[in-house]
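Visitor: Let me begin by handing over the structure; questions about it come next.
Any read-out appearing in this document is the output of simple, stated calculations on the displayed coordinates, not a laboratory observation. Bear in mind the structure is a predicted one, so any value in this text is a computation, not a measurement. Glycine gets a Cβ as well: all are built from the backbone with ideal geometry, and neighbour counts include every protein chain shown.
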Amino acid sequence: MPATPSAPTGTHQDLQFHQADPAQQQAELAAGLQATPASVSPKFFYDRLGSHLFDAITELPEYYPTRTEAAIFGQWLPDMAARLPARAVWIDLGAGSCAKAARLFGTVRPAAYLPVDISAAYLSQALEPLRREHPDLPMLGIGQDFSVQWALPAPAVHWLERLGLRGAPRCVFYPGSSIGNFGPDEALRLLRDAHAVCRQGGAGSGLLIGVDRVKAPEVLEPAYDDALGVTAAFNRNLLLHVNRQLGSDFDPAAWDHVAFYNRIESRIEMHLSARSPQTVSWPGGSRRFAAGERIHTEHSYKWEPAAFADLLQRAGFATPLHWTDARGWFSVFWAPA
Ligand SMILES: C[S@@+](CC[C@H](N)C(=O)[O-])C[C@H]1O[C@@H](n2cnc3c(N)ncnc32)[C@H](O)[C@@H]1O
């Protein structure tokens, strides 16, 4: 249930909408754990430790997406900037550390920056140094869950209005191929929501989105199952987060990290697999797991560029442009609204 934040007044503010209703979250977690097969939404990866572990993953030799996307921006940013709207309101979906958007500020010169993330505490911490570095750039951190539906919250629209930016062009920025965490139907829903947010802005608005591409499993699988075990720690940390949210008694050491490429579905699947038979309990419920039984924790869909361009157009965007790297591993799309 959204919190009712006080209206932001200054140019540097945070809004906290994701004061998730604990009862609702517990019901969602219990239902997922009691289903067959059991599952927990990937949004539960991102407590504070999970956000730090994700940042560590991006440094791993096997994790090519962050480096490859950065190389595309490194090579093509002037070309991209020529097509992006000037003095736009940048809305960064799943901003995390905000580092990716911040690297573009010098070139794209946004009029305001609105990062959105479910991990509100981490976002607020990430914004502190950014605000010191860019004292003249208005920033509004938004703690929000966009997994079911997404719109810019009314206080954020009022904040833009007070800055005289209500009719400014909007650039919704969704890098990192996080769109891959959504299946094709859910991805279409989120892209439609992003299109509506863009259309509420001025002429020239659009979506700048990073998308990971179909490639050999020999490249894909190590990126989600690294030699140092950082992705395994990231996956198991979800159990600690669930313990706090649900009051459950998962022992992370009793679960193995499993990641593999499902060619038919074009997606990496991450699971946790019970090392031995065990019962996990929480107030009001329990689940018996057999040895080897899994909890599904993440999908990461990989796209062919033509199929993703089609998805963008089905969401309402005009024909997109896209840039890629020399190996054709990753694509960045600019989809005018
Ligand atoms: C894979 S990280 C990407 C971070 C950064 N944008 C990047 O590309 O490196 C995904 C980010 O999205 C946030 N996130 C995941 N699910 C979310 C949801 N349902 N609503 C809002 N933010 C979410 C996470 O907290 C995390 O910061």
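Visitor: Considering only the stretch 33-43, state which residues are away from the ligand (no atom under 14 Å from the Cβ) and either in contact (Cβ under 8 Å) with a residue 12 or more places away in the chain or among the β-branched types (Val, Ile, Thr) (or both).
Guide: Leu33, Gln34, Thr36, Pro37, Ala38, Ser39
Visitor: Can Gly106 be described as free of Cβ contacts under 8 Å to residues at least 60 places away in the same chain, within 26 Å of Leu152 (Cα to Cα), out of contact with any helix residue (DSSP H, G or I) (no Cβ under 6 Å at 6 or more places or on another chain) and surrounded by fewer than 21 Cβ atoms within 10 Å (Cβ to Cβ)?
Guide: Spelling it out, Gly106 is indeed free of Cβ contacts under 8 Å to residues at least 60 places away in the same chain, within 26 Å of Leu152 (Cα to Cα), out of contact with any helix residue (DSSP H, G or I) (no Cβ under 6 Å at 6 or more places or on another chain) and surrounded by fewer than 21 Cβ atoms within 10 Å (Cβ to Cβ).
Visitor: Can you tell me which residues in the stretch 56-71 are among the hydrophobic types (A, V, I, L, M, F, W, C) and over 15 Å from Ala101 (Cβ atoms)?
Guide: Ala56, Ile57, Leu60, Ala71
Visitor: Of all residues being within 12 Å of the ligand (Cβ to nearest atom) and in a loop (DSSP other than H, G, I, E, B) in the stretch 118-140, which is nearest to Gly50 (Cα to Cα)? Just the residue, please.
Guide: Ser119
Visitor: Let me ask something else about it. Does Asp79 count as more than 28 Å from Leu228 (Cβ to Cβ) and in a strand (DSSP E or B)?
Guide: No, not satisfied.
Visitor: Only one residue in Ala86, Ala71 is away from the ligand (no atom under 11 Å from the Cβ), exposed (fewer than 15 other Cβ atoms within 10 Å of the Cβ) and aliphatic (A, V, I, L, M). Which one?
Guide: Ala86
Visitor: Which residues, taken from the stretch 204-223, are touching an Asp or Glu at 6+ places or on another chain (Cβ under 7 Å) and not in a strand (DSSP E or B)?
Guide: Listed by number, the residues that qualify are Val214, Pro222, Ala223.
Visitor: Continuing with the same structure: Considering only residues of the stretch 149-179 that are within 16 Å of the ligand (Cβ to nearest atom) and in a helix (DSSP H, G or I), which is nearest to the chain's Cα centre (by Cα)?
Guide: That would be Ser178.
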